[in-house]
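Everything on this sheet refers to the single structure shown next.
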Amino acid sequence: QQQVKQSPQSLIVQKGGISIINCAYENTAFDYFPWYQQFPGKGPALLIAIRPDVSEKKEGRFTISFNKSAKQFSLHIMDSQPGDSATYFCAARNDMRFGAGTRLTVKP
Amino acid sequence: DAGVTQSPTHLIKTRGQQVTLRCSPKSGHDTVSWYQQALGQGPQFIFQYYEEEERQRGNFPDRFSGHQFPNYSSELNVNALLLGDSALYLCASSLMSDEQFFGPGTRLTVL
């Protein structure tokens, strides 16, 4: 069922660094691309989302870059903090398809 | 606003049994979606309910069924439980097809 491929599986970044997570999709019918953050024992929480008519969206330290022709999108977390340590999921909506997740660890 | 609530928090069942999970959507939301999240994996879409009808369905067998009530709350039923059904079951609510808000999930263990 997985039509969204996410990488890397895990990521370790130093405090203050940039975290980059990538996703690729196949279905051109997807019309909405959200990123979710999930802490252990919690449900996913929406971080930021983009629609395919926009190439970039920034909210605070979080930026989505979207390349429609390559069918790829990425999440950039600037000035990463230890509190950002969590699992991040990209998703794409027709029905909602999630990537397999990236476990981010930000070291102090 | 209580957000999306789910019950129970944890559940232990044995193979072959049936289970019912419950979800109350965020206030003002009319659409409920259910997901299965296996350990270490991303959520997998089961189905979505809107106006008490199943609107979309993912690749899950008929053992998985649901219901939405007039107050927009929802139930997920799983019959003939298998060991592989052990997972975190997530409910998400939204207004129409807009941004989804997830509940904390129900952890189901099948022995």
Scanning the stretch B:47-73 residue by residue, those under 26 Å from residue A:39 (Cα atoms) and touching a Ser or Thr at 6+ places or on another chain (Cβ under 8 Å) turn out to be B:47, B:48, B:73
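Starting from residues that are in a strand (DSSP E or B) and over 13 Å from the mean Cα position of the chain (by Cα), keep the ones in the stretch A:64-96 and report whichever is nearest to the other protein chains (Cβ to nearest Cβ).
Start the filter on the stretch A:64-96 by keeping residues that are in a strand (DSSP E or B), which leaves A:64-67, A:72-77, A:86-93, A:96.
With over 13 Å from the mean Cα position of the chain (by Cα) added as a condition, the list becomes A:67, A:93, A:96.
Values: A:67: 21, A:93: 8, A:96: 5 Å.
Taking the candidates together, the pick is A:96.
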Evaluate the stretch B:87-98: report whether one residue or more is of a type outside the set (Gly, Ala, Ser), at pLDDT below 95 and out of contact with any His (no Cβ under 7 Å at 6 or more places or on another chain). yes
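Looking at B:28, B:3, which is the one that is outside any strand (DSSP E or B), in contact (Cβ under 8 Å) with a residue 60 or more places away in the chain and within 10 Å of chain A (Cβ to nearest Cβ)? Quick ask: steps written out before the conclusion?
Details: B:28 fails: within 10 Å of chain A (Cβ to nearest Cβ).
On inspection, the qualifying residue turns out to be B:3.
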Determine which single condition residue B:54 fails, assuming it passes every other condition in (1) acidic (Asp, Glu); (2) within 24 Å of residue B:2 (Cα to Cα); (3) not in a loop (DSSP other than H, G, I, E, B). (2)
What tally of residues in the stretch B:56-111 results from selecting those that are within 14 Å of another protein chain (Cβ to nearest Cβ), closer than 22 Å to residue B:16 by Cα and of a type in the set (A, V, I, L, M, F, W, C)? 5
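Looking at this structure, is residue A:17 away from chain B (no Cβ under 13 Å) and either surrounded by 15 or more Cβ atoms within 10 Å (Cβ to Cβ) or not β-branched (Val, Ile, Thr) (or both)?
On the way: away from chain B (no Cβ under 13 Å): yes; either surrounded by 15 or more Cβ atoms within 10 Å (Cβ to Cβ) or not β-branched (Val, Ile, Thr) (or both): yes.
Yes.
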Hey, could you check the stretch B:79-111 for residues that are among the charged types (D, E, K, R) and assigned to a loop (DSSP other than H, G, I, E, B) and say which is surrounded by the fewest Cβ atoms within 10 Å (Cβ to Cβ)? B:98
So which residues in the stretch A:20-41 are surrounded by fewer than 15 Cβ atoms within 10 Å (Cβ to Cβ) and either within 14 Å of chain B (Cβ to nearest Cβ) or closer than 15 Å to residue A:85 by Cβ (or both), if there are any at all? A:27, A:29, A:31, A:39, A:40, A:41
Yes or no: residue A:12 assigned to a strand (DSSP E or B), closer than 16 Å to residue A:103 by Cβ and more than 11 Å from the chain's Cα centre (by Cα)? yes
Go through the stretch A:42-63 and count every residue that is within 11 Å of chain B (Cβ to nearest Cβ) and not in a strand (DSSP E or B). 3
Within the stretch B:79-101, track down each residue that is in contact (Cβ under 8 Å) with a residue 12 or more places away in the chain and under 13 Å from residue B:31 (Cβ atoms). B:91, B:92, B:93, B:94, B:95, B:96, B:97, B:100, B:101
Only one residue in A:102, A:87 is closer than 17 Å to residue A:18 by Cα, of a type in the set (Val, Ile, Thr) and touching a Phe, Trp or Tyr at 6+ places or on another chain (Cβ under 6 Å). Which one? A:102
Name the single residue, out of those in the stretch B:31-40 being more than 12 Å from residue B:89 (Cα to Cα) and within 12 Å of chain A (Cβ to nearest Cβ), that is surrounded by the fewest Cβ atoms within 10 Å (Cβ to Cβ). B:40
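The values are calculated or read from the model by the stated rules, or taken from the named source; none is laboratory data. Everything numeric in this text was worked out from a predicted model, so none of it was measured. For neighbour counting, all protein chains shown are included, and Cβ atoms are generated from backbone atoms with ideal geometry for every residue, glycine included.
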